[in-house]
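Asks: This is the structure I want to talk about, given as structure tokens.
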Amino acid sequence: MKFGGTSVADAPCIARVVDILEQHHKQGDELAVVVSAQRGVTDQLIEIATKLPESKDASAIEPLIQSLRTRHMTTLKGAAPDYINEVGPIIEERLRDLHNILHAVHNLRELTPRSKDYILSYGERLLAPIIGAALEERGIPSVVLDGCEAGIVTTPQHGESTALPDCDERVRRRLGAVLKNSVPVIMGFMGCTTTGIVTTLGRSGSDYSASIIGAGIDANEIWIWTDVDGIMTSDPRVINDARVMPELSYLEVMELSFFGAKVMHPRSIEPAMRKNILVRVKNTFNPSHPGTTIVRNQKRDDRVVKALTYIERVASVNINGAQMIGRPGVARAIFSALADREVNVMMISQGSSEANISLIIDESHLPVATEALAPLVKQGIVREVIENRNVAAVAVIGSGMVGAPGTGGRIFTALGREGINVMMISQGSCEANISFVVRQEDGPRAVRVLHDEFRLSEASDE
Ligand code: ADP
Ligand code: ASP
Ligand code: MG
């Protein structure tokens, strides 16, 4: 079971978490728990770490440490009052380490990807001992482990690392015996390389940690506890009548999370899918709601379109040039230039005349992408590269679209009727996803129009 940032935001929230765990423990379930940082803490750490190399003094460090101290000590007092003397010094020591590392970053005027990952792992490091103590306080024996101790070894790709195949074996070795007589509380989001350097799995990475752990221990089920009733037809912050979907396939959730649904980390389905483990998404604040069940093959569903996602912070890159026509290797040159600089391409479309290739990338990667592509213009491989930041991507998702004619027609007719101009379209060959790009200001309206067109707020006979 994984609990997200809002679920552990303060002592009353943690009491709910412990209620849930206690209930399952009493039923005789063997449990492994993965926790993320308290809501907002990872953002605070990112903010200070990225600003320190440029700041003229280190005066921002002390107030941050003080606010983390107040928050975590208050949480500890509320959640595990009998453990203040035991866990208080652990929190103090971690705050001292964090303080020292932040000063080092300021003195060196340098934040390497490696030090950034180490700093970001402190949100989870500060919280996990509190959850462990809160369980002990209820008489449930627990063992607190960092990601590395739990067996999560990763690629050295800092900030976005991926679990290595031998995680299964390591996790089983580390947790197998522990599970029999206690509840391991594992710090999510972090792992380490094979040489022990701390890595992070990308934002929202504790979902991924939970799936890696679940696959490693051959769990019967993986439960992701969050602050909404389940995975919804669209982001509830954009669509106020978005509806919780009772059941989705692994493929659908992968498509949803790849295309920006903030509810789950994009790689978190893969370990569960490999072991065919059922995943549930449930609400810590409404535990009796059945939530969303994620399985390999869902029951038959007549709905063609099931969900919509909207990604705001993207940029389009249009690469033009008649030179590209009939010339092998142009695509290779473009994609290897981008891959060399670790620019992640979310969508690709190429006109049949081959004189144009359009890409959608994360907006934050745009400066690096521009640099990476400039030599291709100089070498005459392409004529020009035109960028546009004022775009948003929308993805229409549903495995029922496979082999169902007319869905594309319905999508683009509805958008046309509302005067929304579509700038680029892409459909993967798995057909579970049709995505398109519009002007940024049209994004939310495009989602609204399609949510209505496919009547997603109305329950079907699922
Ligand atoms: P946690 O801290 O539990 O990991 P997150 O904030 O990472 O929670 O993810 C849950 C949030 O994701 C919800 O509060 C909701 O606002 C947002 N969200 C975006 N798209 C969806 C969606 N399709 N279904 C459900 N929630 C979504
Ligand atoms: N604490 C990390 C983050 O904010 C991981 C997570 O919440 O899943 O991204
Ligand atoms: Mg999350």
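Asks: Where in region 54-90 is the amide nitrogen less than 17 Å from a point lying 7 Å along the Cα-to-Cβ axis of E149?
Replies: 86-90
Asks: Same structure, new question: With all protein chains present, how much of the accessible area of the chain (probe radius 1.4 Å) comes from carbon and sulfur, to the nearest whole percent?
Replies: Carbon-and-sulfur percentage of accessible area, whole number: 50.
Asks: So if I take the centroid of the Cα atoms in region 140-216 and the same for region 280-315, what is the distance between those two points in Å?
Replies: Cα centroid of region 140-216 versus Cα centroid of region 280-315: 25 Å apart.
Asks: A further question on this structure: At 7 Å along the Cα-to-beta-carbon direction for both K275 and E363, put a label point, then send me their distance in nm to one decimal.
Replies: So the label points at K275 and E363 sit 3.8 nm apart.
Asks: Rounding to the nearest 20 debye, state how big the charge dipole of region 251-338 is about its Cα centre with +1 on each Lys and Arg Cβ and -1 on each Asp and Glu Cβ.
Replies: The dipole of region 251-338 has a size of about 280 debye.
Asks: Output the antiparallel fraction of DSSP beta bridges having both residues in the chain, as a percent to the nearest 5. If you can, show how the numbers build up before the last one.
Replies: Details: 43 of 64 bridges.
Within the chain, antiparallel bridges account for around 65 percent of the total.
Asks: Ranked from the most accessible area to the least, with a 1.4 Å probe and all protein chains present, what is the order of D229, D207? Could the numbers behind the result be given before it?
Replies: Details: D229 35, D207 5 Å².
In descending accessible area the options line up as D229, D207.
Asks: Once you've got the Cα coordinates, tell me which of K2/K306; K116/K262; K180/K275; K2/K262; K77/K116 are over 19 Å apart.
Replies: Pairs exceeding 19 Å: K2/K306; K116/K262; K180/K275; K77/K116.
Asks: OK, next. Taking only protein heavy atoms and a 1.4 Å probe, what accessible area per residue, in Å², does region 144-198 have with all protein chains in place?
Replies: Accessible area per residue, region 144-198: 41 Å².
Asks: Here is a follow-up. Quickly work out the A331-to-H103 label distance, labels modelled 7 Å from Cα along the C-beta direction, and quote it in nm with one decimal.
Replies: Output for this residue pair reads 5.5 nm.
Asks: Helix 330-340 versus the longest principal axis of the chain: what angle, 0 to 90°, nearest 10, using Cα atoms?
Replies: 20
Asks: Counting other Cβ atoms within 10 Å, which GluC sites (Glu not before Pro) in region 1-89 have at most 14 and lie in a DSSP loop?
Replies: E54
Asks: Using Cα atoms only, what is the angle between the long axis of helix 61-79 and the major principal axis of the chain, expressed in degrees (0 to 90) to the nearest 10?
Replies: Long axis of 61-79 versus the principal axis of the chain: about 60 degrees.
Asks: Quick check for me: using +1 on Lys/Arg Cβ and -1 on Asp/Glu Cβ, what's the dipole size of region 37-127 about its Cα centre, in debye to the nearest 20?
Replies: Roughly 120 debye for region 37-127.
Asks: So how much slack lies between E92 and H24, counting 0.36 nm per residue of separation and subtracting their Cα-Cα distance, in nm? Intermediate results must be reported in sequence, preceding the final value.
Replies: Working: separation 68, 0.36 × 68 = 24.48 nm, distance 3.19 nm.
Roughly 21.3 nm would be gained on extension.
Asks: Right, something else. For region 194-210, just list the computed ³J(HN,Hα) in residue order, Karplus coefficients 6.51, -1.76 and 1.60, θ = phi - 60°, integers in Hz, with x standing in for Gly and Pro.
Replies: Ordered by residue, 3J(HN,Hα) equals 5, 9, x, 7, 5, 10, 10, 8, x, 4, 6, x, 6, 4, 5, 4, 4 Hz.
Asks: Residues with beta-carbon under 10 Å from that of E453, excluding E453: net charge, scoring Lys, Arg +1 and Asp, Glu -1?
Replies: Summing Lys and Arg as +1 and Asp and Glu as -1 gives +2.
Asks: Still on this model: I'd like the orientation of helix 84-108 relative to the chain: the angle between its Cα long axis and the longest Cα principal axis, in ° from 0 to 90, rounded to 10.
Replies: Approximately 50 degrees, to the nearest ten.
Asks: Which loop trypsin sites (Lys or Arg not before Pro) in region 84-145, with loop taken from DSSP, have no more than 16 other Cβ atoms within 10 angstrom of their Cβ? Intermediate results must be reported in sequence, preceding the final value.
Replies: Values: sites: R94, R96, R109, R114, K116, R125, R138; in loops: R109, R138.
In loop regions of region 84-145 (DSSP not H, G, I, E or B), the sparsely surrounded trypsin sites (Lys or Arg not before Pro) are R109, R138.
The values are calculated or read from the model by the stated rules, or taken from the named source; none is laboratory data. All figures in this text were calculated on a predicted structure; none of them were measured in a lab. All Cβ positions, even for glycine, are placed from backbone atoms using ideal geometry, and neighbour counts span all protein chains on display. In case anyone asks, the SASA skips ligands and DNA or RNA and just uses the protein heavy atoms, side chains included. Shrake-Rupley method; radii C 1.70, N 1.55, O 1.52, S 1.80 Å.
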